[in-house]
Amino acid sequence: MLPSPTRRFFWRGPWFWIVLALLSLSAWQWLETRAALLGARQEMAQRLVEGERLMQESRALADKAMRDAAELQRKYGALEARLSEFQDQANALQSLYQEAAVSRDDAVLAEVEQNVNIAVQHLQLSGNIPAAIFALQAADQRLVRLEPRFLALRRALARDLERLRGTAFVDVTGMNLRLENVISGIDHLPLALDNVSAPPTPDVGEVEETAWWRAFAREAWKEIRGLVRVQRFDQQSPELLSPDQGRILRENLKLRLLNARLALLSRDQWTFRSELAAAEKWLERYFNADAKATQSAQLHLRQLLATEIAVALPTLHESLAAIQNAKASREQP
């Protein structure tokens, strides 16, 4: 039986090709969709694997961070404990430093007071201004590092130093040494009659050749002439002193010069000059003015007479008062 024309040529109809195209399109879309789904599934699987790996790494990092945090917390606690210990030690050291500073300040104040008292002694006993200035400078030098706390004391010291530097200097030590040299040379000064030449003695070379009575007469005449001295003076006749009177004169002259030394140390101008003037007159009256020792002693006495010793010296009361104020302020709580 022959196929019908309709069945024989159905593929020639347009619907066949339309259906075939639709089917082909559907198959292609199915295949493409299946391939896309497979790719997405594979990508999702890879992402899941990567996410799992990242999660594991994150967990590992989190565990490490927790361990590190715990270690840091332990170390922080140890540091806090050591910091507290260091703070206690710092407080103890601060207390010790404050106590040491207080004791050091007290020691410095005591040393400064001692130096100022030494300066006062130099001024009162010998009038030695350079020594007093040196003592005050030493006191001021001890306060250099403590200046913020003792500024008022340093100012008082500076004012007293300025007063000392402006005071006329009297070399009491040098004058005392010159007086001591004159006193030590009194015993060696020749008296006014010591330069009188001895009378000529008779020639006794031929005594043995003369008669005994002539020898006796010459010896008697020699003794008689030795009892009397005749000398001519163009100036005023010197005082005739026995050996005992000469010794008493020298001792009295030493006493006058010693009184002058005491007056020098006490700054007694009137006594100093009166004793030196009397000593100079005694040298001129009783001692040989032509001797070099006498002239040297007289020169020293004239130079000392021309020296002004009654110079008003600073009392350093301001520095002493500043020291007492500093000590009182430290004793207050």
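The values are calculated or read from the model by the stated rules, or taken from the named source; none is laboratory data. As the structure is a computational prediction, the values presented were derived from the model and not from experiment. Don't worry about glycine lacking a Cβ; one is built from the backbone with ideal geometry, like all the others, and counts go over all protein chains shown.
Overview of results
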| quantity | calculated |
| --- | --- |
| Residue match in region 51-63 (condition: within 30 Å of Leu153 (Cα to Cα), at pLDDT below 80 and either in the same structural domain as Phe150 (by TED's automatic domain parsing) or in a helix (DSSP H, G or I) (or both)) | no |
| Breaking point among (1) more than 60 Å from the chain's Cα centre (by Cα); (2) among the small types (Gly, Ala, Ser); (3) modelled with pLDDT under 75, for Ser95 | (1) |
| Sole exception among (1) within 42 Å of the chain's Cα centre (by Cα); (2) touching a residue at least 12 places away in the same chain (Cβ under 8 Å) for Trp282, by number | (1) |
| Long-range neighbours under 7 Å by Cβ, at least six apart or interchain, first residue in the same structural domain as Ala277 (by TED's automatic domain parsing) and at pLDDT 90 or above within region 238-257, second assigned to a helix (DSSP H, G or I) and among the small types (Gly, Ala, Ser) | Leu253/Ala279; Arg256/Ala278; Arg256/Ala279; Leu257/Ala279 |
